[in-house]
2 protein chains.
Amino acid sequence: MSERLTLSLDAMGGDHAPHMVIEGMQIAHKRYPEVHYLLFGDERRIAPLVPQELRDRVTLRHTDQVISGDTKPSQAVRAGRTSSMGLAIKAVKDGEAAGVVSAGNTGALMAMAKLMLRTLPGIDRPAIATMIPTVRGESIMLDLGANTEVQANNLVEFAIMGEVFARCLLGHVQPSIGLLNIGSEDLKGTDALREAHRILREHPLNMRFHGFVEGDDIGAGTVDVVVTDGFTGNVALKTAEGTAKLYTKFLKDAFGSSLLARIGYLLAKGALAKVRQRTDPRRYNGAMLIGLNGICVKSHGGTDAVGFANAIGVAVDLIRNRLNDRIREECTRLAAQPDPVPAVAPSSVVSG
Amino acid sequence: MSERLTLSLDAMGGDHAPHMVIEGMQIAHKRYPEVHYLLFGDERRIAPLVPQELRDRVTLRHTDQVISGDTKPSQAVRAGRTSSMGLAIKAVKDGEAAGVVSAGNTGALMAMAKLMLRTLPGIDRPAIATMIPTVRGESIMLDLGANTEVQANNLVEFAIMGEVFARCLLGHVQPSIGLLNIGSEDLKGTDALREAHRILREHPLNMRFHGFVEGDDIGAGTVDVVVTDGFTGNVALKTAEGTAKLYTKFLKDAFGSSLLARIGYLLAKGALAKVRQRTDPRRYNGAMLIGLNGICVKSHGGTDAVGFANAIGVAVDLIRNRLNDRIREECTRLAAQPDPVPAVAPSSVVSG
């Protein structure tokens, strides 16, 4: 009802919770002083951490139950409704909060959010989307692990959602979309990829569809949105992380290999800090569980307060830019076409 | 019959052929002076390039036909037998050469090599394997694109072949094996992955099976052999390449961003060259088409003479270390077990 923006936070999710969550909230408060927070978790542990100046922005709701890292999604769905994560999602469902942020168990978060928030009309399967650094700036990649196997219509939905996500988060007027494959020729890849390619190419989706892209196009920033299944996306994202670490190790070895190199490092230190900054995983922390009736942002479990504050920032940006309204509009528009694409055909609207 | 080692080279394959091939052969000749070469291609273009001192090591066989980069595998199989690539493979089939190296069209090379050389007994589907740089040295990854979709038994075969490959090429006594997945828990991933995991875990394969690994384990060198399907492997390899380029770009920007940084760069230049060297794609050039009755090495199409010489080196190493004999022995041993693994069961021996 009011104009104020409330976020619900799973205060117990993440390796360094609840400290990291509360400190992240404090950092976010400096950037978004108007945001209110609903905190869910162990009151005895959380209350002492909330600083005086934030008291009027924070409502604390106690629960003893916590979803652990090894809780299976099925267990979470069965028994996790009164956990800090479950209650934080419920606050969005009940309209108390405009979005939820959790650094807890990804599988449990997706399963519970899917059950409680339901998918958006026209969307069959939600996905995990995030921002990644590229040579040309930043791109969006999805799915990153929600769907191990996909059909063509799922990939088309990911493209539609990713496009809106890029407009909201990167501010691009018309983001370009690419389907991740192992070659740019039409005959490469799986049946699902070739069929999704055909739909995206032939249907009047009002989308700047680039076609197939390959693994090296991710870092090159060839497209603004890289669409793939959750298995491939997860492997690609983690491979990129591993390669960045490998490169960092090689650099460290090089700078330590001679006196000249060590002096060179000292002189270039300030500049090199910028590289670290540009590739800092905390900067890209905050993956969106996209396709649900509610903004649900997953923070990396091992992140610190700075990373968690960035995840809060992602939620705020997406809420302010009305991500879900715009996905809904897009799906409605496409479903109303004389020849609707399979992804947003009435049948899948009904099943959603 | 003789002790001499002969390699057949597709002199027309690659962006910079035939110059690059002949120059690569010259570099390789310095490292392996005893190797003989059967060169296939356009005699008028190749003959003038072969230097006098190599004449007694080289036999040139003329053909006008070349497989181009956009030739489909099916076309190559139908009409490519008299191409430089087709004849170079045939030389291995006929026992004239111990192995073939080509920088031409990968799909065509795989299709023709599979048809002419056939798969090894016990191996259902050949794969593409290569060496990759890691924090801990070097690892092997396969498949990199031969099999877009796989069954559990294919993954098990890749593990067996990759293990022998690592012993031959990296010299590890007992290499560790990991299955690439999106989580280390047993319930993650596709059915094929879970089933392959079960077989590798339960059967007495005499293999150091680590279990599931994730994308960031590739660069970390967590295992010596990363086993995956051709789609995921191809995306992962190219994503790593793209990330390395991204990092290089960030570094360049940083070193150019201030006078101090520029001076720092000059001082560290020699040391930084080592990083370039360690990540030089030419150093890792030479992917093996593994699982065939014959050594078949694919060089990157865009490589230069140094890269092509390394691909020749891979072929020489694998021939000398009797890669295929050892894979055959391994498969025979496993097939003779009272409870043979599905991958090397008699039925697949017959179908191979």
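The values are calculated or read from the model by the stated rules, or taken from the named source; none is laboratory data. Owing to the predicted nature of the structure, the values given are computational and were not obtained by experimental measurement. A quick note on method: Cβ atoms are made from the backbone with ideal geometry, for glycine too, and the neighbour counts reach across all protein chains shown.
A few points about this structure:
- Residues of region B:188-209 satisfying the condition of being assigned to a loop (DSSP other than H, G, I, E, B) and either closer than 19 Å to residue B:127 by Cβ or modelled with pLDDT of 95 or more (or both): B:189, B:190, B:205, B:207
- Test: residue in region B:168-187 that is in a helix (DSSP H, G or I), buried (at least 18 other Cβ atoms within 10 Å of the Cβ) and away from chain A (no Cβ under 14 Å): yes
- Taken across region A:98-105, residues that are loosely packed, with under 14 Cβ neighbours inside 10 Å and either touching a strand residue (DSSP E or B) at 6+ places or on another chain (Cβ under 6 Å) or small (Gly, Ala, Ser) (or both) do not occur at all.
- Out of A:99, A:69, sole residue that is more than 20 Å from residue A:6 (Cα to Cα) and either modelled with pLDDT under 95 or more than 14 Å from chain B (Cβ to nearest Cβ) (or both): A:69
- Residue within region B:17-31 that is surrounded by fewer than 24 Cβ atoms within 10 Å (Cβ to Cβ) and touching a Ser or Thr at 6+ places or on another chain (Cβ under 6 Å) present: no
- Any hit, region A:115-126, residues being touching a Gly at 6+ places or on another chain (Cβ under 9 Å) and under 26 Å from residue A:216 (Cβ atoms): no
- Qualifying residue in region B:210-222 (condition: in contact (Cβ under 8 Å) with a residue 40 or more places away in the chain, out of contact with any Cys (no Cβ under 7 Å at 6 or more places or on another chain), small (Gly, Ala, Ser) and not in a helix (DSSP H, G or I)): yes
- Within region A:172-184, residues that are farther than 15 Å from residue A:200 by Cα have Cβ atoms under 6 Å from residues that are part of a loop (DSSP other than H, G, I, E, B) and not hydrophobic (A, V, I, L, M, F, W, C) in these pairs: A:172/A:224; A:182/A:188; A:182/B:145, counting only partners at least 6 apart in sequence or on another chain.
- If only residues of region B:247-288 that are part of a helix (DSSP H, G or I), in contact with a Ser or Thr (Cβ under 9 Å, 6 or more places away or on another chain) and under 30 Å from residue B:97 (Cα atoms) are counted, the one that is nearest to the other protein chains (Cβ to nearest Cβ) is B:281.
- Qualifying residue in region A:234-241 (condition: of a type in the set (S, T, N, Q), facing another protein chain (nearest Cβ under 7 Å) and crowded, with 19+ Cβ neighbours inside 10 Å): yes
- Qualifying position, being farther than 17 Å from residue B:251 by Cα and within 14 Å of chain B (Cβ to nearest Cβ), among A:291, A:302, A:307: A:302
- Scanning region A:282-305 for residues that are touching a helix residue (DSSP H, G or I) at 6+ places or on another chain (Cβ under 7 Å), farther than 25 Å from residue A:4 by Cβ and surrounded by fewer than 21 Cβ atoms within 10 Å (Cβ to Cβ) yields A:282, A:283, A:304.
- Residue check for residue A:110: assigned to a strand (DSSP E or B) and closer than 28 Å to residue B:243 by Cβ: no
- So residue B:108, is it crowded, with 21+ Cβ neighbours inside 10 Å, under 22 Å from residue B:14 (Cβ atoms), out of contact with any Leu (no Cβ under 8 Å at 6 or more places or on another chain) and within 14 Å of chain A (Cβ to nearest Cβ): yes
Yes/no matrix, rows are residues, columns are (1) at pLDDT below 95; (2) outside any loop (DSSP other than H, G, I, E, B); (3) away from chain A (no Cβ under 14 Å):
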{"site": "B:122", "(1), (2), (3)": "yes, no, yes"}
{"site": "B:133", "(1), (2), (3)": "yes, yes, no"}
{"site": "B:141", "(1), (2), (3)": "no, yes, no"}
{"site": "B:146", "(1), (2), (3)": "yes, no, no"}
{"site": "B:153", "(1), (2), (3)": "yes, yes, yes"}
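- Region B:218-229: number of residues that are at the interface with chain A (Cβ under 7 Å from one of its Cβ atoms) and surrounded by fewer than 24 Cβ atoms within 10 Å (Cβ to Cβ): 1
- The conditions of being in contact with a Ser or Thr (Cβ under 7 Å, 6 or more places away or on another chain) and more than 8 Å from every other protein chain (Cβ to nearest Cβ) are met by residue A:213.
- Matching residues, region B:80-96, being surrounded by fewer than 21 Cβ atoms within 10 Å (Cβ to Cβ) and either among the charged types (D, E, K, R) or in contact (Cβ under 8 Å) with a residue 12 or more places away in the chain (or both): B:81, B:82, B:90, B:93, B:94, B:96
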